[in-house]
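Values quoted throughout were computed directly from the atomic coordinates according to the rules given, and no laboratory measurement underlies them. What you are looking at is a predicted structure, and each value in this text was computed from that prediction instead of being measured. As a convention, Cβ positions derive from the backbone with ideal geometry for all residues, glycine included, and neighbour counts pool all protein chains shown.
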Amino acid sequence: PQTLDKILTAAYAKRPNLRQSLYVVTTLSPATLSALTYDSVTTPPITTRFVSPFLGWSPKAVKTFVVQGVPDYSLLDYRILFIADEQTVRDKSLLLVEGYNLDDWMTVRVAPEYANVEARRLSWGKRSTDMLVELADAETDGVYRGIGGEPAIEAVQETGLETGDY
């Protein structure tokens, strides 16, 4: 829970006025996943210890579950997911898996402070995963950390991210 607390704290602190949108999935139950609401987002502190139901799963297996196993009416966006893996334990980065189907998806590592921002941008069509991959490739560790390592500067409106260093 401490690692996830640090990740979520950084993700939400980056843009405090941006709606929190990250769910830590602790079950494979379709009934539970379909009952998620906007108030169900995961916020720190995480006080309950749990074993991830995805422990030992490959990114493809997780993506397959999200595409095929999450009910269509769930608030979980089957196109965009973050995976906490072995590298997450070392550097706190998350593996972003993005795509519409099982045959066409991309991955890129994202620094924790960009998880919520980039999830929102991707879901609104304001950013492409191709761009994140390109920017991550320019980093020595292959982790997306914003534009040139500098924090993005957006005006946050009620409707979302308005402008920025896209």
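Here are the numbers:
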| quantity | calculated |
| --- | --- |
| Convex hull of Cα atoms in segment 2-161, direction-averaged projection (nm²) | 9.3 nm² |
| Two-site FRET efficiency, A13 against D137, from Cβ-Cβ distance with R₀ of 30 Å, rounded to 0.05 | 0.70 |
| Fully extended contour minus Cα-Cα distance, from T27 to T48, at 0.36 nm per residue | 6.2 nm |
| Computed [θ] at 222 nm, helices only, for the chain once each DSSP H run of length n ≥ 4 contributes -39500 (n - 2.57) | -9000 deg cm²/dmol |
| Taking Y114, Y73, Y78 and counting other C-beta atoms within 10 Å, the order from fewest to most | Y73, Y78, Y114 |
| Of the GluC sites (Glu not before Pro) in segment 86-142, those whose Cβ has at most 15 other Cβ within 10 Å and which sit in DSSP loop | E139 |
| Loop trypsin sites (Lys or Arg not before Pro), segment 28-74, which have at most 12 other Cβ atoms in a 10 Å radius of their Cβ (DSSP) | R49 |
| Value of relative contact order over segment 2-161, rounded to a whole percent, pairs C-alpha under 8 Å and six or more apart | 22 percent |
| Residue order, fewest to most beta carbons within 10 Å, for L8, L76 | L76, L8 |
| Segment 10-68: proportion of alpha-carbon pairs further apart than 19 angstrom, % | 42 percent |
| For segment 67-72, Karplus couplings with θ = phi - 60° (6.51, -1.76, 1.60), whole Hz, Gly/Pro x | 6, 9, x, 8, x, 4 |
| Nearest 10 degrees, 0 to 90: helix 2-14 Cα axis against the chain principal axis | 40 degrees |
